[in-house]
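Engineer: Pasting a structure below so you can have a look.
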């Protein structure tokens, strides 16, 4: 059973639509995991969304379990994605792994280079 995550109504609709339209950039394992998380998600209005939870346009600092170095990324719509400036698409596997989780959570997700574990260190929702 997946851990309950918190999503804004907008992010829930966006990710549900992504799954329904055959998210070809995702493995079957990740599609099933994301679908399970959406099914179990607590969906809230934007005005009630906790500041410490990852959502679209969040700036997130993470620590990779196998790496000492922290990384900071911003989850954006695909047209705004620019990995060299730390902006990744909301539909990238790493974004899908993080969305809905909060500061302190450990997140495990299947990446193109294998399973990775991340700890969410900070979330900035401006």
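The values are calculated or read from the model by the stated rules, or taken from the named source; none is laboratory data. It should be emphasised that the depicted structure is a prediction, and the values quoted were computed from it without experimental measurement. Heads up, the Cβs are rebuilt from the backbone with ideal geometry, glycines too, and the neighbour counts pull from every protein chain shown.
Engineer: Looking only at residues that are in a strand (DSSP E or B) and either within 8 Å of the chain's Cα centre (by Cα) or free of Cβ contacts under 8 Å to residues at least 40 places away in the same chain (or both) in region 108-123, which one is surrounded by the fewest Cβ atoms within 10 Å (Cβ to Cβ)?
Structural biologist: Once the filter is applied, the top-ranked residue is 114.
Engineer: Considering region 38-54 alone, what residues qualify as being assigned to a loop (DSSP other than H, G, I, E, B) and within 16 Å of the chain's Cα centre (by Cα)?
Structural biologist: 41, 49, 50, 51, 52, 54
Engineer: What are the pairs with Cβ atoms under 9 angstrom where one residue, in region 1-29, is on the phi > 0 side of the Ramachandran plot and modelled with pLDDT under 85 and the other, located anywhere, is in a helix (DSSP H, G or I) and surrounded by 15 or more Cβ atoms within 10 Å (Cβ to Cβ)? Sequence gap at least six, or different chains.
Structural biologist: 22/31
Engineer: Name the one entry in 69, 87, 42, 55 that is in contact (Cβ under 8 Å) with a residue 40 or more places away in the chain and either in contact with a strand residue (DSSP E or B) (Cβ under 9 Å, 6 or more places away or on another chain) or surrounded by fewer than 17 Cβ atoms within 10 Å (Cβ to Cβ) (or both).
Structural biologist: Being in contact (Cβ under 8 Å) with a residue 40 or more places away in the chain and either in contact with a strand residue (DSSP E or B) (Cβ under 9 Å, 6 or more places away or on another chain) or surrounded by fewer than 17 Cβ atoms within 10 Å (Cβ to Cβ) (or both) holds for just one of 69, 87, 42, 55, which is 55.
Engineer: Can you go through 35, 96 and tell me which one is assigned to a helix (DSSP H, G or I), without any contact (Cβ under 8 Å) to a residue 24 or more places away in the chain and surrounded by 15 or more Cβ atoms within 10 Å (Cβ to Cβ)?
Structural biologist: Working: 96 fails: without any contact (Cβ under 8 Å) to a residue 24 or more places away in the chain.
The unique qualifying residue is 35.
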